[in-house]
Amino acid sequence: MLPGFPDAAPLAGLLGGVLIGLAAALMLLGAGRIAGVSGIAARAFGISGDGMPRSGAWAFVVGLPLGALLVAWTTGGIEASFAGYLPLVAAGLLVGIGTRIGSGCTSGHGVCGVSRLSQRSIVATATFMAAGIATVAIMNALGLEVLS
Amino acid sequence: MTRSWLVALLSGSLFGAGLALGGMVDPARVRGFLDIFGDWDPTLAFVMGGAVIVMAIAWRIQARMAQPLIGTTFALPDRTDLTPRLIGGAALFGTGWGIAGLCPGPGFAALVIEPAKAAVFVMAMLAGMLIFRLMDPSHKALQE
């Protein structure tokens, strides 16, 4: 599909991205809010007092696996390989703490903020991308295979 | 506000479908995207690109609206200051993202793909959020 990258799925990626954009647009124009998953999750689970009504936060969080399930059903299953439990716990802790300190994740900063040309979000996105790239590079250099 | 949860459910479902379709619920694909010095997989650039283009249009529309379709006001971030917290937090998040190839949205979406492992990630993430809340003196009390 993409010359030089036999494993890439550019069309599915673009289509998925458009759906994510529509989801965030619906949240913005429909409910007047940012579709930032880390903030909404913190709100749903009572960790943050800010943001949308808790019923809405819950509905959004429940929708995430629901939408993935619909795609899994219609496409005949989704291939995915996950890290082991220990790296998952370490990663989860870092993601949880980091997104709260940094006020957002890939959706709030990366999609909603970057498209708004928010300086804060552009800096945050550049930072977490660089950190992710460095982490994978270092783990590869050390020969740490986490995915099974 | 009674219908706002319906908007949220629809938005969350569309979001989850997009994550699944775009390959973001597969940590191998996410880590492949971050592996720019190795066997790089550019797929997620297309995901980000598609999402950002649609949202850029949505922001243009938002600028012409006095209020959202449901509810009376837009509740949007208005901060512009670059702080050590913003950068430090993003660096911690990016490190976690790189370790397991999961960020918050795909963590929840993956609950139907690989339930046990996604649940462990999500619980650790919520624990991390709680740890931050307990350590952060500036947090606002939960308003119910």
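At-a-glance table
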quantity	calculated
Protection proxy ranking of A:2-8, A:47-53 - average other beta-carbon atoms within 10 Å, highest first	A:47-53, A:2-8
Relative contact order (%) - chain B, alpha-carbon pairs under 8 angstrom, separation at least six	27
Chain B: most fluctuating residue of B:126, B:69, B:34 per GNM, C-alpha cutoff 10 Å	B:69
Total accessible surface hidden between A and B, rounded to 100 Å², 1.4 Å probe	9700
Under the span-like rule (Cα at least 18 Å along the axis, Kyte-Doolittle mean at least -0.5), DSSP H helices of chain B	B:4-21, B:43-63, B:84-100, B:115-135
Percent accessible area from carbon and sulfur atoms, region B:4-135, protein chains only, probe 1.4 Å	69
Whole-number accessible area per residue in Å² for region B:4-135, which is evaluated in the context of all protein chains at 1.4 Å	41
Rounded FRET efficiency, nearest 0.05, which uses the C-beta distance separating residue B:40 from residue B:69 and R0 of 35 Å	0.30
Shape of the protein assembly as shown, Cα gyration tensor, a/c cut at 1.5	rounded
Share of carbon and sulfur in the accessible heavy-atom surface of chain A [1.4 Å probe, %]	71
Kyte-Doolittle mean at least -0.5 and Cα axial length at least 15 Å: DSSP H helices in chain A	A:10-31, A:54-75, A:85-101, A:119-141
Gaussian network model of chain A, springs between alpha carbon atoms under 10 Å - residue of A:30, A:96, A:56 with greatest fluctuation	A:30
All-pairs alpha carbon distance profile, region A:1-41, 10 Å steps from 0, percent	27, 35, 22, 15, 1
Shape of chain A, Cα gyration tensor, a/c cut at 1.5	rounded
Alpha-carbon centroid distance for the pair region A:22-68 / region A:92-138, whole angstrom	18
Solvent exposure of region A:1-80 as accessible area per residue, Å², 1.4 Å probe	40
Relative contact order (%) - chain A, alpha-carbon pairs under 8 angstrom, separation at least six	23
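The values are calculated or read from the model by the stated rules, or taken from the named source; none is laboratory data. Keep in mind that this is a model prediction, so the values were computed, not measured. Neighbour counts run over all protein chains shown; Cβ positions are idealised from the backbone, glycine included. Areas reflect the complete protein model, heavy atoms only, side chains present, ligands, DNA and RNA absent. Shrake-Rupley method; radii C 1.70, N 1.55, O 1.52, S 1.80 Å.
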